[in-house]
Structure formats: C-alpha cells, structure tokens
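Below is one structure, written out as structure tokens, with a few remarks after it.
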Amino acid sequence: MAELERAGEPPTRAWLPEADELPEVLLDLAVPHEDINGLVALRDRLWADPEARWLLDRCVDALVRDMGTVGRGGRIPPLPEEWGELGRCFFVYVYVAALPSARAHHRDRGIPDDVSRRTLADLGRHMAVHRKVRGSTGLTVPGWNGLHFRGELYQLGRLQFQRAVLGARMGGATAAAGHTAGPGDPCLNLHINDFRGPLTPRACDRSIELAKGFFARHYPEERYETAVCHSWLLDPQLREYLPTDSNIVRFQERFRLADGYEDGPDDGNPVRFVFGDPDLPVAELPRRTKVERAIGDHLRAGGHWYGGHGWFPL
C-alpha cells in the first residue's frame, strides 16, 4: 500500500463497465457463468466505496504503467480478510478496468485477436481454479494475471510463454553448456496451465513452434534463444513412478535439468496442481491415476517433491 501511495495520484481514474454491460465483458474473459451475477451485484458496491475506488485507481495504474516492459509492473497488495467478498473479487475488477489498455497494447504489437482473447481469458480459468478449490468467487493468486494484461505472457496453443530474462542459476547453466545466451539475456519462461487437455508431445511441439514465430514477429527487437521452465513437473523423481512414454516424462526429456534440491522440498505445489488443495491430508490423497499414485505414494513413503528447473535452446 505504501508503494502505491508513493507512486502519487494516477493520471486517470479507473473505469468499469456499467452493471448491465459488465456480463458481456466478463464472459469474454471466460469468467465462469456461476460467478457473473455476484460480480455484477458487487460492482455498484465497489463503485460507491471511496476507499475501494482509491485502491482501484492505483492498482490499475500500477498494472498498466510501463505496459509491455518486462518486470516493471507494480505489485498488487494483499487485501485484509475483513474485506470479505469484495476483497476476494476486487482484482477481477482491476483486470476488467485494465482490459482496454491490454487490448491496445496487443493491437499496437499486431497480436492476432485470437491470441489476445485466449491469453486474457486465462483470468476466467484462474477463477475456475479458485472455485474448484475454495467453492467461491475469487482469485487464488491475484497478481499472476498481471503478466497477461501487461503483455508479458501469451497463451500459444497448449503452453503459455512469458517474456523474461535468464537469472544467475539458469543463465549460468546455459553458459556452462556453451549456449549463446547467458545471465541477463532474454528467455521464454514456459508455463503449463490446467483445463487445457493432456500435455502431449504433439501439443507441446505445436506450441513451441508457434512461440518461435510469434515472438520473432511481434517482439522483433528481443532475441529469444532459450526456453526455461520452473515446475514440479521437472522433478526427476517422477521418472521412478511414471512410464517412459508418459506425457510428463516426455515433457521432461525436452529440458536440460538443473539441480533443484538446493531450494528445499516443495510438497505443496504437486499436491495443489494434482489434487486441487495443498492442505489435503497426505494419507487421504486419492490414487485414481498414475500421477495421483506417484505424488501420494511418494509422500506417504516419507519422500519429498522438489521444484525442477530446466532449459533448452530454441
């Protein structure tokens, strides 16, 4: 909040669609149908609250300032629990208010409308994840979609690609391998989102080829020679449980893996992404699929999971 105050008065006030126009905007962003009526009803409450309007103006300004510049977006503050429903839903309105700026940036870069639409519709997917886990309207990680609305991340087929730079660890690994890129050079950070079908080799091949052409065409001043991924899906221990022709093992084979054990255990992420709730008791984790059995059986045997880190040249 102090950071938002130091930024000073925003140059313009945030704008929201009227209540009767809001449903169409929300549906274009793939917001789940069961969340629409509640968000429409809450819109006028937010608009009439001076404190909420003050925060909306500054959060939208922080989001769209330096639009398109990697790593320059302002941080989105957590809201106190006493804000209740308004606090859970507040950042949905921030993204709705930032939508015209996001669309304008996409047009300026010549981004095809279908890529723009599918990228920004990831807001609705994150809301579906929140409802699946918590049974209510909201965003589990409110700041994540800022990457989409700032032109830093794009959905290209099965995978998402984030404009980023190589850090010390991954840049050091690429340089040590004789790769042309090193620390501080541009890279594409791959993300694997849920509700997009299986992670098949064919789907990944198509996404990677799309990304090569996309960024060369729409960000020609940035030379992307490296793809990186930081994910529990790259934990090498998964190979001990899954067949060699599984989608996850085939995905791992794309990467040159760097050691992730120095970061310490990260059991919560695989449990969250596989079962939906990171707080589920380990003893009660289902065993319906190979991946569920792998994650749960390893934990029940006293093992731990780790975030994996990998890269490959583009």
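What are the residues in the stretch 195-210 that are touching a residue at least 12 places away in the same chain (Cβ under 8 Å) and loosely packed, with under 13 Cβ neighbours inside 10 Å, if any?
The answer is PHE195, GLY197, PRO198.
Within the stretch 244-297, track down each residue that is closer than 15 Å to LEU199 by Cβ, among the charged types (D, E, K, R) and without any contact (Cβ under 8 Å) to a residue 12 or more places away in the chain.
Correct list: ASP245, GLU253.
How about the stretch 68-99: which of its residues are free of Cβ contacts under 8 Å to residues at least 40 places away in the same chain, touching a Phe, Trp or Tyr at 6+ places or on another chain (Cβ under 8 Å) and not in a loop (DSSP other than H, G, I, E, B)?
TRP83
Could you say which residue among PRO243, PRO220 is within 18 Å of ALA164 (Cβ to Cβ) and exposed (fewer than 15 other Cβ atoms within 10 Å of the Cβ)? Steps first, please.
Numbers: PRO243 fails: within 18 Å of ALA164 (Cβ to Cβ).
Criteria check complete, one pass: PRO220.
All but one of (1) under 24 Å from TRP305 (Cβ atoms); (2) buried (at least 17 other Cβ atoms within 10 Å of the Cβ); (3) over 20 Å from the mean Cα position of the chain (by Cα) hold for SER231; state the number of the condition that does not hold.
Of the numbered conditions (1) under 24 Å from TRP305 (Cβ atoms); (2) buried (at least 17 other Cβ atoms within 10 Å of the Cβ); (3) over 20 Å from the mean Cα position of the chain (by Cα), the odd one out for SER231 is (3).
I'm trying to understand the selection: among the residues of the stretch 178-194, which are surrounded by 20 or more Cβ atoms within 10 Å (Cβ to Cβ) and within 17 Å of the chain's Cα centre (by Cα)? Even if it seems obvious, please write down each step before you answer.
In the first step, residues of the stretch 178-194 are kept if they are surrounded by 20 or more Cβ atoms within 10 Å (Cβ to Cβ); the result is 181, 187-190.
Answer for the stretch 178-194, where residues must be surrounded by 20 or more Cβ atoms within 10 Å (Cβ to Cβ) and within 17 Å of the chain's Cα centre (by Cα): CYS187, LEU188, ASN189, LEU190.
Buried (at least 20 other Cβ atoms within 10 Å of the Cβ), within 26 Å of ALA97 (Cα to Cα), at pLDDT 95 or above and among the hydrophobic types (A, V, I, L, M, F, W, C): does that describe PHE215?
Values: buried (at least 20 other Cβ atoms within 10 Å of the Cβ): yes; within 26 Å of ALA97 (Cα to Cα): no; at pLDDT 95 or above: yes; among the hydrophobic types (A, V, I, L, M, F, W, C): yes.
When the stated conditions are applied, PHE215 does not pass them.
Kindly establish whether LEU139 is more than 15 Å from VAL228 (Cα to Cα) and either surrounded by fewer than 22 Cβ atoms within 10 Å (Cβ to Cβ) or small (Gly, Ala, Ser) (or both).
Numbers: more than 15 Å from VAL228 (Cα to Cα): yes; either surrounded by fewer than 22 Cβ atoms within 10 Å (Cβ to Cβ) or small (Gly, Ala, Ser) (or both): yes.
Yes: the conditions hold for LEU139.
Can you pull out the residues in the stretch 136-155 that are within 19 Å of VAL271 (Cα to Cα) and either at pLDDT 90 or above or under 10 Å from the mean Cα position of the chain (by Cα) (or both)?
Let us first name the residues in the stretch 136-155 that are within 19 Å of VAL271 (Cα to Cα), namely 139-141.
Matches in the stretch 136-155: LEU139, VAL141.
The values are calculated or read from the model by the stated rules, or taken from the named source; none is laboratory data. Bear in mind the structure is a predicted one, so any value in this text is a computation, not a measurement. Cβ sites come from the backbone with ideal geometry, for glycine too, and all protein chains shown count toward neighbours.
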